[in-house]
Amino acid sequence: MNVVLKQPAPPQAAAPGQGVPATGGTAGAAAAASAAAAAANAAAASFAALTARLDYLGAAGVEQVRQAYRFADEAHLGQLRNSGEPYITHPIAVAAQCAEWKLDTQALMAALLHDAMEDCGVTKPDLIDRFGAPVAELVDGLTKLDKLQFNTREESQAESFRKMLLAMARDVRVILIKLADRIHNMRTMGDMPRSKWGRISRETLDIYAPIAHRLGLNEAYRELQDLSFHHLHPWRYATLSKAVAKARNRRRDLVQKVQADVDAALTAAGLKARLAGREKTLFAIYQKMEDKHLSFAQVTDIYGFRVIVPTVTECYTALGILHQMYKPVPGKFKDHIAIAKLNGYQSLHTTLVGPSGVNIEFQMRTEEMNVVAESGVAAHWLYKAKDAGSSASERLGTQWLQSLLDIQNETRDAAEFWDHVKVDLFPDAVYVFTPRSQIMALPRGATVVDFAYAIHSNVGDRTVSARINGEPVPLRHELTNGDVVEVVADPTAEPNPAWLSFVRTGRARSKIRHFLKTMAQNESENLGERLLVQALRAEGIEQLPGEDDADFQPLWERLLRFTGNRNRAELLTDIGLGKRIASIVTKRLVLLLTELGHRPDALLLSRERFTSHEHLTQGAVVLDGSENASIQYASCCRPIPGDAIVGYMGRGEGLAVHTADCAVARRLQHKDGERFIAVEWADEPVRMFETGVVITVTNRKGVLARVTAELARAEADITNVDMGEQGSEGTTDLRFVLAVRDQQHLEAALRNLRRTPQVVRAARIRPAE
């Protein structure tokens, strides 16, 4: 969509007595009428050119398109493009591009109406009444979210892109119309203010061109890249364009000779082949020069040929003939017929050393593959228009479109959604195998975890280890072509937040984040319920009122109005995260229960008050180590079972557990005492806990090996070691983080260390005052 300008109203004739000759008003009116007639003629000529391309539609379809044109023409009446042309010429041009792809009647109608809602005040119900729901849905998917208020341009853009991409996932015609719109806007960019060139061209290069590539629309992809390059770097574009023109003139004879020789060889072999020359786009040449730091003279594969034959077998036959004529460049053969690209592209690629040592690329494909290669998802309509079925169109980017819906289900934030989608926009792929020899295509740089999530989200969530080609590898290992990947899953395993730092696919990233968010929320809700129950017990109430109990529903409604939460789960989550203090919520809840006639249990009240901690305001939470996101063990003092401990409810951070003598905890207790709760260890913790120790040793050869051997003998796991930088001194401090069961286990490990001759001192690290 270009910026629109209102057409000036025709000048009115001057009133008598104003001193303006009447002839001036007549001339102005005549000029305005002439301009209006010229604009109408231009629009009519544009639409006539469009109807000439609609021969694949029936008479009824053409009439529906004509009605949409009349509606759009009336809606855009008086609006001009920056070039001075009537605005309606833009929707006509967009529809003409869609007609080239042989899109159906509804898509062409939506193309003509695509700016009506955004610029002309036409509403979605208006379009439904006039043209039906499917056309209105297409137009709505193309309309930006200008009516909503956003804090930043980036936030508005991210939300608009999310809307468009989700509409595209439901109906791919949305993005085809949007790409046609962007192509025409880029073709007419010269009429826009120069200040907009950079932003729009960069957006096209970063978003729309990759989407076109992802969907196999390679012709549109190349044109968008070249137009963006032209407006981002006009001087570089002009210089490179001149250099290519000169090279084309110099090598014309060479190209013609190669074409004649290849044509003769294929004919002699009895192949009915169509040979088409192709030239690298200016942007592709520029990108290669940038990426590989080459001069223009060093880019040798500017020219190439497509060999289009009737069958797949003949593709391979043509390849054999070419390899007999010219020597192939090692490592430059790619078989995209046996293994298609993610966007459905199929072709054989080989680079040969032609006459005069010039590298020439050849691509062998069938007619069907050629249509898919150029038109991608649009090939579906191209083939439908020819009344021919296309198995190739079924191989296109539909999986990616479905993955957009999967990501949306787990990501409500627009910026985060767009972050996931951008990851998947560039489809350079690696091809790997499952143990059952099923081939899978993943983006280049994908890891074992990406592979696991590509199989199924449950497999990804439970992955603990992997083997590639029979050899154990870490989960962050990057996959390469031909790898046979086997993942090992554990039903009790859960995703690790660290995976987010190396996964490559948007699917894996969104699944991991969704799991971690859900887990944190569930655990915080459970913790909040435990804290609220224990605070109620301290007030003499045995248990939390049931939400499903009809008698207590009004009570919960009043309590939620008091706290400002939408539901009981949100309130409990806020308590678990420390956003609300359980004792304050409890006092309000007790007051509401009292109004309903419920009295505190005197015996329970006496027992709880008698056993309560003198400095803490809420009941005790029992810890066994099974907690994850909702409870953190403070790194300043690293508490382990057997230590006296206290819990601090940080604001929005959940429960942090400190040792009772921790200096950090004492400072917090002095400043924020009401946020402390009593915590205690379970009788049988379910895991080991980390703590820090410092070991002073004599600086001799092999001392680290002796120390680690003693720790292993004591069954203490080493999770981190810091050796410091005092290499030349007689003694040095080794700082370890050890995982131990409890205080007794730690003391046993330290006793073993103290018996070692090289150990001068071994002690637990305590937080400094």
5 Å binning of all Cα-Cα separations within segment 453-521, expressed as whole percents from 0 upward: 3, 16, 26, 29, 17, 6, 2, 1, 0
Solvent-accessible surface (1.4 angstrom probe) belonging to W681, in square angstrom, nearest 10: 40 Å²
Largest-first ordering by accessible area, 1.4 Å probe, given options E219, E279, E374: E219, E279, E374
Rounded Å value of the spacing that divides the Cα centres of segment 204-262 and segment 532-583: 65 Å
Gain in span if fully extended, D683 to A709, counting 0.36 nm per residue against the direct Cα distance: 6.4 nm
Total formal charge among the other residues, if their Cβ is under 13 angstrom from that of D490, Lys/Arg +1 and Asp/Glu -1: -1
Linear extension gain, D551 paired with R130, 0.36 nm per residue minus alpha-carbon span: 146.4 nm
Volume of the Cα convex hull of segment 44-92, divided per residue and given in Å³: 66 Å³
Contour excess over end-to-end distance, with Cα ends at S83 and Q287 and 0.36 nm allotted per residue: 70.3 nm
Entries of K102/K124; K196/K242; K242/K280 with Cα pairs more than 23 Å apart: K102/K124; K196/K242
Protein accessible area in segment 668-723, 1.4 Å probe - carbon and sulfur %: 47 percent
H233 accessible area, 1.4 Å probe, all protein chains in place, Å² to nearest 10: 50 Å²
Sites R274 and N458, calculated FRET efficiency, Cβ-Cβ separation with R0 45 Å, nearest 0.05: 0.40
Spread of Cα-to-Cα distances over 10 Å intervals beginning at zero, given as percent, for segment 630-769: 11, 38, 29, 16, 5, 0
Sequence-separation-based contact order of segment 640-710, relative, with Cα cut under 8 Å and 6+ spacing, percent: 31 percent
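The values are calculated or read from the model by the stated rules, or taken from the named source; none is laboratory data. Computed from a prediction, not measured in an experiment: that's the story for all the values here. Using ideal geometry, Cβ is built from the backbone for each residue, glycine included, and neighbour counts are taken over all protein chains shown. To get the accessible areas, we keep the full protein, side chains included, count just its heavy atoms, and leave off ligands, DNA and RNA. Shrake-Rupley method; radii C 1.70, N 1.55, O 1.52, S 1.80 Å.
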